[in-house]
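What follows is calculated from the coordinates using simple rules that are stated; it is not laboratory data. Since the structure is predicted, the reported quantities are computational estimates derived from the model, not experimental observations. No Cβ is skipped: glycine too gets one built from the backbone with ideal geometry, and neighbour counts run over all protein chains shown.
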Amino acid sequence: MQDGIYFSELSGINTEIETADYLAASAKKGQLIISKQFGRPKPPSITLKRGWDGNGTMLGWHAMARDANPAARRDCDLFILNNQGHVQTQYTLLGAWPSKVEVSALKAGATEVVTETVQIVCEQITTTPNIQFS
């Protein structure tokens, strides 16, 4: 793997297609026929979480998207590692950008770990399961 950012939690890979009802009358007896058709796809999204390291990488990327900078859209690889640290599955996110970045509450004297949660939307997600990188 090349440079990247490590996340400890993946809380969802979401991809959805809207449905559209198609209504027609049958030639016999004029009965109403309803069928579900493919609708418009919604942009896929994922949510990642990690301990906050304060380096601002994700906030910087989010700022590029907020400013409508075309360079904010990037193709990214997301590697799911097994407990030995080997790649189990690879997801490729095409045209990805962070739509939301959230840093958890900071409190003086608290012992909780500060976390960074990032929601990434993209144009398409592809997967390569059970790949063996060493």
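Odds and ends about this structure:
- Only one of the listed residues (Pro70, Pro43, Pro98, Pro129) is loosely packed, with under 12 Cβ neighbours inside 10 Å and in contact (Cβ under 8 Å) with a residue 40 or more places away in the chain. That residue is Pro129.
- Filter result for the condition that a residue is in contact with a Leu (Cβ under 9 Å, 6 or more places away or on another chain), under 16 Å from Ile120 (Cα atoms) and of a type in the set (Gly, Ala, Ser), over Ser35, Ser11, Ser45, Ser26: Ser11
- Qualifying residue in segment 35-48 (condition: among the aromatic types (Phe, Trp, Tyr), assigned to a strand (DSSP E or B) and touching a Ser or Thr at 6+ places or on another chain (Cβ under 6 Å)): no
- Near pairs, Cβ below 6 angstrom, 6+ apart or cross-chain, from segment 101-113 (in contact (Cβ under 8 Å) with a residue 12 or more places away in the chain) to any residue that is of a type outside the set (Val, Ile, Thr): Val101/Met58; Val101/Leu59; Val101/His62; Val103/Trp52; Val103/Glu116; Val113/Gly51
- Some residue of segment 60-67 being assigned to a helix (DSSP H, G or I), out of contact with any Pro (no Cβ under 9 Å at 6 or more places or on another chain), within 30 Å of Pro129 (Cα to Cα) and touching a residue at least 24 places away in the same chain (Cβ under 8 Å): no
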